[in-house]
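Data block below; observations after.
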Amino acid sequence: MSNLTIKQLRYVEAAARTGSISAAATSLNISQSSITAAIDALEAETDFDLFTRVPAKGLMVTPAGQQSVALIANILAAFREFESELAAVGGTSRGVIRLACFAAAASVFLPPAIAGFQKRNPGIRFEIVEGNMDNVVNFLEEGLADIAFTYQEVVLSSQIFYPLIDLPHFALLSIQDPQSEQPSITLKELSKKPMIQLKLAQTRTYYGDLFKHAGMEVETAHWSSSVEMVRTMVAANFGFTVLNAKPLAAIGGRGGFRAVPISDPLQPRSFGMVMQARVRQPRAVVDFHAHCDMLRARGHFDLMAVRATL
């Protein structure tokens, strides 16, 4: 396999991660033919199929392909560390930092955090993979991310959680709902309205259980696994939802909905960074971790919280 390049391995990994040649090409800003050529080259070298092409479904990774992609991910991770350490010989933090996050939370704090870091470290670039609040930790396990941002309760035993902020619960209400103008709202008031719930693997009943534990019942009118769809349905006044991380569109009541603090004494959810335990991180990742910890001390992550006005 002496003819294979790191660049080709990156193309194959992107195809497996995105499940599509076109999506992989878009994510890497290259042509689709480059992705196809890399797959063909690796399949020619190995003499087995890494993918099957399924109409309307894109690329499906074969069992042998799954094992190969896992090896490729390890090779790319090791090469990124090599690049970072080699660049650091000159005393400058350089390299690629891969972040896993769910956009509903990251849109508020991540862009300014990255901008501030890159201002002092122009040699750093970021690759961001998106998932939901439950599955972003799996990107760490699969070698697709260096740092994940999510809630503490979904962190795996092989990972370390670094808290950044405790996020209170709030209700997202349509601006058509008169109670969206209130400074706060109670679970009892919310229980009289239809609820739109997030449907996730590990925490699908989390928000509904808040009412159950308070001795109340609430009607779930709709379920969705997409935070964006939940927010769209709230804006259309199909019901309310409960969240912890403030969406960017909720700032100033934009987007057809408002975030209203819940006044009941609910335990906040701890949000933070997650990294693999017992893994020596490249200097760039260590530096960004320290940068985020500095931002935490300065209250930067308060941007994510919806708190009652005292």
### Task
With no solvent and one equal point scatterer placed on each C-alpha of the range 166-310, evaluate the Debye formula and give log10 I(q)/I(0) for q = 0.10, 0.15 Å⁻¹, two decimals.
-0.39, -0.79
### Summary
Per 10 angstrom bin, beginning at 0 and ending with the bin that holds the maximum distance, the Cα pairs of the range 35-165 fall in percents of 11, 30, 35, 20, 4, 0
### Message
Please report the antiparallel percentage of the DSSP beta bridges confined to the chain, to the nearest 5.
### Response
60
### Query
How large is log10 I(q)/I(0) at q = 0.08, 0.09, 0.12, 0.15 Å⁻¹ when the Debye formula is applied to the Cα atoms of the chain, each weighted equally and without solvent?
-0.43, -0.54, -0.89, -1.20
### Summary
The set of residues whose placed amide H lies less than 5 Å from the amide H of LEU164, leaving out same-chain residues fewer than 5 positions away, is PHE271, GLY272, MET273
### Query
Using a Gaussian network for the chain with springs between C-alpha atoms less than 10 Å apart, which of these wobbles most: GLU153, GLU43, GLU130?
GLU43
### Task
With a bin width of 5 angstrom, please list the P(r) values of the range 1-63 as percents of all Cα-Cα pairs, from the 0 bin to the one holding the largest distance.
3, 20, 31, 27, 14, 3, 1
### Message
How charged is the neighbourhood of ALA64? Take every other residue with its Cβ under 11 Å from the Cβ of ALA64, and add Lys/Arg as +1 and Asp/Glu as -1.
### Response
-3
### Message
Test of understanding: ordering MET195, MET133, MET60 by Cβ neighbours within 10 Å, fewest first, what list do you get?
### Response
MET60, MET195, MET133
### Summary
Footprinting proxy, ASP209, ASP47: sorted fewest to most Cβ within 10 Å, the residues are ASP47, ASP209
### Task
For ASP264 and PHE79, calculate 0.36 nm times their separation in residues minus their Cα-Cα distance, and state this gained length in nm to one decimal.
61.6 nm
### Query
Which aspartates and glutamates does LYS246 reach when only Cα atoms under 14 Å apart count, and residues fewer than 8 places away in its own chain are ignored?
ASP166, GLU228, ASP302
### For the chain, built as a Gaussian network whose Cα springs stay under 10 Å, the top-fluctuating residue of PRO261, PRO63, PRO247
PRO63
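FYI, it's all coordinate maths here, none of it is from the lab. Remember, it's a predicted structure, so these values are computed and weren't measured experimentally. No Cβ is skipped: glycine too gets one built from the backbone with ideal geometry, and neighbour counts run over all protein chains shown.
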